[in-house]
2 protein chains.
Amino acid sequence: MKYEFSPIGIVHSSWSEPAGVPIQGVFAEGATGTIEVFPECAEGLADLAGFSHIILLYFFHRSRGCALTCRPFLDDRNRGVFATRAPRRPNPIGMSTVRLLGVDGRVLRIADVDIVDGTPLLDIKPYIPDFDVRDNVQTGWYATARHRQTVADTRFAGNDVKEVP
Amino acid sequence: MKYEFSPIGIVHSSWSEPAGVPIQGVFAEGATGTIEVFPECAEGLADLAGFSHIILLYFFHRSRGCALTCRPFLDDRNRGVFATRAPRRPNPIGMSTVRLLGVDGRVLRIADVDIVDGTPLLDIKPYIPDFDVRDNVQTGWYATARHRQTVADTRFAGNDVKEVP
């Protein structure tokens, strides 16, 4: 089974390379950017301006290959990739919650952006705490993670990884 | 540009048809299911058992076509699709946060499941409130939505929609 997706737009940010990008939006406070939504999808932006935060799904276009275990930025040992947010995933789909500052036609102004410039955007969903927030949460290795590195380095930039069929 | 994704596993639930599925996990409390992760991706499940909640990205395999505006279950007028969680999106990727009850080899036992049986799973990410929760949130049309329908009907089940190129 294969599913084919096409971008609905492009994310523009001040992060020109993967190394140096804040590893999460919460570490990117104030970093602004824009989303250019392609004309054929622009009608779908109606009513979005009322939301203060949006969830972006995008293609990790600067990532190569797949590693089923990796050492996350916030830890000092290898973890299963599905227990991390690392980009080298079987399906390299990134997810970020950003602030929506405004909608100008088919251009969205966003903030708290942890996304590399030029990233192909796959979807936009409204952030709705009633749907997206959970209580009584346990966070596994993250709860006791020893590292506090908040900016990406080059660890996911090389090609020394195996491909998953 | 086209990106091709392959499932990493299959979601099994008690919801055999789209109509009747709770429209969000928060309306599916206690509904259990399982995820069968394919053998070639099982190594990526290491360390996941420590997390109480996981975010699933999946293919809306029972949805057909794309509608850039639609009437959400919770409202009484049409809205831009990117301001909704409706399945008929340009890229029909669903996102659900579920409770992780346990990991038995490459089978995950989950609860609060709002996903149709047989859904192809694209990705699993750990739910981490530090990354995923935002304050001072405005939720646009949802904040004053008049309907409180919490179970899906057949509105997204037909084929009377336009395809986006």
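Numbers for the structure displayed
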| read-out | value |
| --- | --- |
| Those residues of segment A:99-145 which are touching a Pro at 6+ places or on another chain (Cβ under 7 Å), among the aliphatic types (A, V, I, L, M) and within 12 Å of chain B (Cβ to nearest Cβ), in sequence order | A:L121, A:L122, A:V137 |
| Out of A:R148, A:R89, sole residue that is charged (D, E, K, R) and more than 7 Å from chain B (Cβ to nearest Cβ) | A:R148 |
| Residues located in segment B:1-54, provided they are closer than 24 Å to A:V137 by Cα, away from every other protein chain (no Cβ under 14 Å) and in a loop (DSSP other than H, G, I, E, B) | B:G30, B:A31 |
| Residue count for segment A:63-72, restricted to those that are more than 7 Å from every other protein chain (Cβ to nearest Cβ), in contact with a strand residue (DSSP E or B) (Cβ under 8 Å, 6 or more places away or on another chain) and either among the hydrophobic types (A, V, I, L, M, F, W, C) or surrounded by fewer than 20 Cβ atoms within 10 Å (Cβ to Cβ) (or both) | 2 |
| Residue selected from segment B:150-165 under the condition within 30 Å of A:V103 (Cα to Cα) and loosely packed, with under 14 Cβ neighbours inside 10 Å, by the criterion modelled with the highest pLDDT | B:D160 |
| Answer residue from segment A:80-120, given it is among the basic types (K, R) and either part of a strand (DSSP E or B) or out of contact with any Gly (no Cβ under 9 Å at 6 or more places or on another chain) (or both) and is surrounded by the most Cβ atoms within 10 Å (Cβ to Cβ) among those | A:R99 |
| Members of segment B:121-132 that are farther than 15 Å from B:P92 by Cα and either part of a strand (DSSP E or B) or at pLDDT 95 or above (or both) | B:I124, B:K125, B:P126, B:Y127, B:I128, B:P129, B:D132 |
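The values are calculated or read from the model by the stated rules, or taken from the named source; none is laboratory data. All values derive from a computational prediction rather than experimental measurement. Here the Cβ is made from the backbone with ideal geometry for all residues, glycine too, and neighbour counts use every protein chain on show.
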